[in-house]
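Trainee: After the structure tokens below, expect a handful of questions from me.
The values are calculated or read from the model by the stated rules, or taken from the named source; none is laboratory data. Fair warning: this is a prediction, and the values are worked out from it, not measured in the lab. Cβ placement follows ideal geometry from the backbone for every residue including glycine, while neighbour counts extend to all protein chains displayed.
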Amino acid sequence: MEKVIIYTDGACSGNPGPGGWAAVLMYKENKKEISGAIKNTTNNIMELTAVVEALKTLKFPCKVDLYSDSSYVINAFEKKWIFGWMKNNWKTSSKEPVKNKEIWQELYDLTKVHKVNFIKVKGHSDNVWNNRCDELAREAIKNI
């Protein structure tokens, strides 16, 4: 199984408001940058969308080290929240419906194709790839 490194980020101008997402994918010596935007969305939707779109870009099953500054995304897998949500028919521990369920379901399905290792990075610090994703996501908002 080939190894890919992915950095993702989402951004919103207002929450909700115009939002952008971006990812940098690295495979061997190759690097690919992708991004997009939505007129009215939330920061969490953009964080999730960045991860989903990055994984959908992969052409075959891969081992992925996925770096994100989103605790929302990372904790859902690292703290196994998503498995509890599925077991509880997409309800949170407080019995509320899980927000963004459809995107979570799509992301979960992609983690069955790819072996994804979710890694938390500190946002807006000295990580060059996280900063690049933030820049791309903000550029995408401007281009709406």
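Trainee: Which one of Trp85, Trp129, Trp104 is within 17 Å of Asn43 (Cβ to Cβ), among the hydrophobic types (A, V, I, L, M, F, W, C), surrounded by 15 or more Cβ atoms within 10 Å (Cβ to Cβ) and at pLDDT 95 or above? Even if it seems obvious, please write down each step before you answer.
Mentor: Working: Trp85 fails: within 17 Å of Asn43 (Cβ to Cβ); Trp129 fails: within 17 Å of Asn43 (Cβ to Cβ).
So the residue among Trp85, Trp129, Trp104 that is within 17 Å of Asn43 (Cβ to Cβ), among the hydrophobic types (A, V, I, L, M, F, W, C), surrounded by 15 or more Cβ atoms within 10 Å (Cβ to Cβ) and at pLDDT 95 or above is Trp104.
Trainee: Could we say that Asn44 is without any contact (Cβ under 8 Å) to a residue 60 or more places away in the chain, in a helix (DSSP H, G or I) and not hydrophobic (A, V, I, L, M, F, W, C) here? Walk me through it before giving the result.
Mentor: Working: without any contact (Cβ under 8 Å) to a residue 60 or more places away in the chain: yes; in a helix (DSSP H, G or I): yes; not hydrophobic (A, V, I, L, M, F, W, C): yes.
In short, yes.
Trainee: Another one. Working only within segment 51-70, note down all residues that are out of contact with any strand residue (DSSP E or B) (no Cβ under 8 Å at 6 or more places or on another chain) and not in a loop (DSSP other than H, G, I, E, B).
Mentor: First pass over segment 51-70, keeping only residues out of contact with any strand residue (DSSP E or B) (no Cβ under 8 Å at 6 or more places or on another chain): 52, 56, 59.
Once the filter is applied, which keeps residues that are out of contact with any strand residue (DSSP E or B) (no Cβ under 8 Å at 6 or more places or on another chain) and not in a loop (DSSP other than H, G, I, E, B), segment 51-70 yields Val52, Lys56.
Trainee: Please go through segment 102-140 and give me each residue that is touching a Ser or Thr at 6+ places or on another chain (Cβ under 9 Å) and either in a strand (DSSP E or B) or of a type in the set (D, E, K, R) (or both), ordered by number.
Mentor: In the first step, residues of segment 102-140 are kept if they are touching a Ser or Thr at 6+ places or on another chain (Cβ under 9 Å); the result is 103, 118-121, 123, 130-131, 133, 136-140.
Across segment 102-140, the qualifying residues are Phe118, Ile119, Lys120, Arg138, Glu139.
Trainee: Considering Ala50, Ala37, Ala54, which residue is surrounded by 15 or more Cβ atoms within 10 Å (Cβ to Cβ) and either farther than 16 Å from Leu110 by Cα or without any contact (Cβ under 8 Å) to a residue 40 or more places away in the chain (or both)? Can you show your working first?
Mentor: Working: Ala50 fails: either farther than 16 Å from Leu110 by Cα or without any contact (Cβ under 8 Å) to a residue 40 or more places away in the chain (or both); Ala54 fails: either farther than 16 Å from Leu110 by Cα or without any contact (Cβ under 8 Å) to a residue 40 or more places away in the chain (or both).
The unique qualifying residue is Ala37.
This table checks each residue for (1) of a type in the set (Phe, Trp, Tyr); (2) over 24 Å from Ala11 (Cβ atoms); (3) in contact with a helix residue (DSSP H, G or I) (Cβ under 9 Å, 6 or more places away or on another chain).
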{"position": "Glu29", "(1), (2), (3)": "no, yes, no"}
{"position": "Asn40", "(1), (2), (3)": "no, no, no"}
{"position": "Val64", "(1), (2), (3)": "no, no, yes"}
{"position": "Ser70", "(1), (2), (3)": "no, no, yes"}
{"position": "Pro97", "(1), (2), (3)": "no, yes, no"}
{"position": "Gln105", "(1), (2), (3)": "no, no, yes"}
{"position": "Asp126", "(1), (2), (3)": "no, no, no"}
{"position": "Trp129", "(1), (2), (3)": "yes, no, no"}
{"position": "Cys133", "(1), (2), (3)": "no, no, yes"}
